[in-house]
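Student: A single structure is presented below for examination.
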Amino acid sequence: MMRWTPNADQRTQYETQGYFILRNLISKDVAAQLRGVIRNHIMLPDPGKFVDIDPMDPMDDSPQGRIARYRKLSNFCVQSPLIWHNVHAAPAVLNIARYFLGDDIIMKYNSCFLKPSHTGSATPWHQDNGLWRDGETEPFNFWIPLEPATRENGCMQFIPSSHKTEIVEHVLYPDSIHGELPREAVQEMIEKHGIHHIELDTGDVVIWHSSMWHYSPPNTSEKSRIAVAGVYTNPEIVKTSQRFWHNFRWVMKDGEVCTQFPPEVVPMENEPSKKPKPFPSAKDY
Ligand SMILES: O=C(O)CCC(=O)C(=O)O
């Protein structure tokens with residue numbers, strides 16, 4: 001497998017701003033197939049435990065209602081060989097991850113983010129490791145749109161250089177869909193550093209640091225926005241992690257892509273840490 005290394009611009013952008021983008025990592029043809037797998041799944045009358053219902057859900061149980069209903073499929077990619085072998089356990093992404101993580105790579109999270117036309121709601125400002133609460137700062141995050149992600153349909157927004165902050169305790173507001181960064185702190189950071197709109201074409205990839213402050217707005221447009229995402233880690237990081245539970249799968253061992261399906265489970269070796277406390281309410285913060 002060819003070794004990928006960042007060029008000078010990519011390295012500088014990752015260090016100073018906390019992210020970089022590579023174009024056209026997955027072909028448009030493969031992206032179309034993967035969208036089909038995802039849409040086919042969410043149209044099932046009972047799509048199972050993977051789905052996260054959109055808070056804007058005004059939908060009935062019709063086929064079109066089901067297409068518009070969900071904001072996320074968690075852990076679906078380990079059940080879908082077409083997604084798994086083309087994205088999470090594919091040389092294209094692993095080649096880049098190998099530069100950051102070395103020759104032994106473990107998948108920590110896998111998700112499909114759905115932002116249906118008109119009904120796709122916002123993902124609040126967060127740091128990924130602020131939600132994980134396992135103290136990890138060095139895993140590798142990637143996000144690949146399977147259809148264009150634009151300002152109109154709710155592309156992600158990053159606060160450049162915010163990855164240099166510590167892991168901030170996330171809080172809950174009455175309308176939070178999950179833990180989020182304190183809203184006043186977000187306003188201050190935006191005033192200081194501004195916002196980058198991460199507009200991507202089908203099959204591009206954005207890679208960012210786990211402490212990056214990021215968000216995506218509601219989709220008020222006519223166009224859907226589906227993406228697949230993953231987080232990789234490695235055995236060294238895992239040793240010191242405060243994770244209380246995991247669903248890790250091997251994706252690379254000793255520089256070789258793991259081709260097994262279903263993907264091999266990594267046994268939990270550490271004594272599981274205590275479950276983190278619930279996110280505090282913003283008013284107690
Ligand atoms: O797809 C989105 O809009 C949000 C994705 C995100 O926040 C993440 O992958 O951490």
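Student: What is the number of the single condition among (1) farther than 19 Å from Arg71 by Cα; (2) crowded, with 16+ Cβ neighbours inside 10 Å that Thr202 does not meet?
Tutor: (1)
Student: Same structure again: Being within 10 Å of the ligand (Cβ to nearest atom), within 25 Å of Met107 (Cα to Cα) and assigned to a loop (DSSP other than H, G, I, E, B) is the filter here; which residues of segment 148-177 pass it?
Tutor: Result: Cys155, single match.
Student: When you scan segment 28-106 for helices (runs of 4 or more DSSP H) that lie fully inside it, which ones turn up with 2 or more residues that are more than 21 Å from Pro262 (Cα to Cα) and among the acidic types (Asp, Glu)?
Tutor: Per the criteria, no element qualifies.
Student: If you don't mind, another one. Please go through (1) buried (at least 19 other Cβ atoms within 10 Å of the Cβ); (2) part of a helix (DSSP H, G or I); (3) among the hydroxyl-bearing types (Ser, Thr, Tyr) for Thr119 and return the number of the only condition it doesn't satisfy.
Tutor: (2)
Student: Quick one: in segment 125-147, which of the residues that are over 13 Å from the mean Cα position of the chain (by Cα) and either surrounded by fewer than 17 Cβ atoms within 10 Å (Cβ to Cβ) or near the ligand (Cβ under 9 Å from one of its atoms) (or both) is farthest from Val93 (Cα to Cα)?
Tutor: Gly135
Student: Right, something else. Taking His88 as the residue in question, decide whether it is within 16 Å of the ligand (Cβ to nearest atom) and in contact with a helix residue (DSSP H, G or I) (Cβ under 8 Å, 6 or more places away or on another chain).
Tutor: Spelling it out, His88 is indeed within 16 Å of the ligand (Cβ to nearest atom) and in contact with a helix residue (DSSP H, G or I) (Cβ under 8 Å, 6 or more places away or on another chain).
Student: Something else about it: Kindly list the number of the only condition in (1) touching a helix residue (DSSP H, G or I) at 6+ places or on another chain (Cβ under 8 Å); (2) at pLDDT 95 or above; (3) surrounded by 12 or more Cβ atoms within 10 Å (Cβ to Cβ); (4) not in a helix (DSSP H, G or I) that fails for Ile21.
Tutor: (1)
Student: Working only within segment 234-249, note down all residues that are over 18 Å from Lys275 (Cβ atoms) and under 18 Å from the mean Cα position of the chain (by Cα).
Tutor: Asn234, Arg249
Student: Okay, next question. Limited to segment 250-279, what total is found for residues that are under 17 Å from Trp132 (Cα atoms) and within 23 Å of the chain's Cα centre (by Cα)?
Tutor: 6
Student: Quick one: in segment 206-233, of everything that is within 16 Å of Asn110 (Cβ to Cβ) and away from the ligand (no atom under 12 Å from the Cβ), which residue is farthest from the chain's Cα centre (by Cα)?
Tutor: This residue is Thr233.
Student: Criterion first (of a type in the set (Lys, Arg), more than 23 Å from Ile198 (Cβ to Cβ) and part of a helix (DSSP H, G or I)) does Arg11 satisfy it?
Tutor: No; evaluated as a whole, the condition is false for this residue.
The values are calculated or read from the model by the stated rules, or taken from the named source; none is laboratory data. Keep in mind that this is a model prediction, so the values were computed, not measured. Note that each Cβ is placed from the backbone with ideal geometry, even for glycine, and that neighbours are counted across all protein chains shown.
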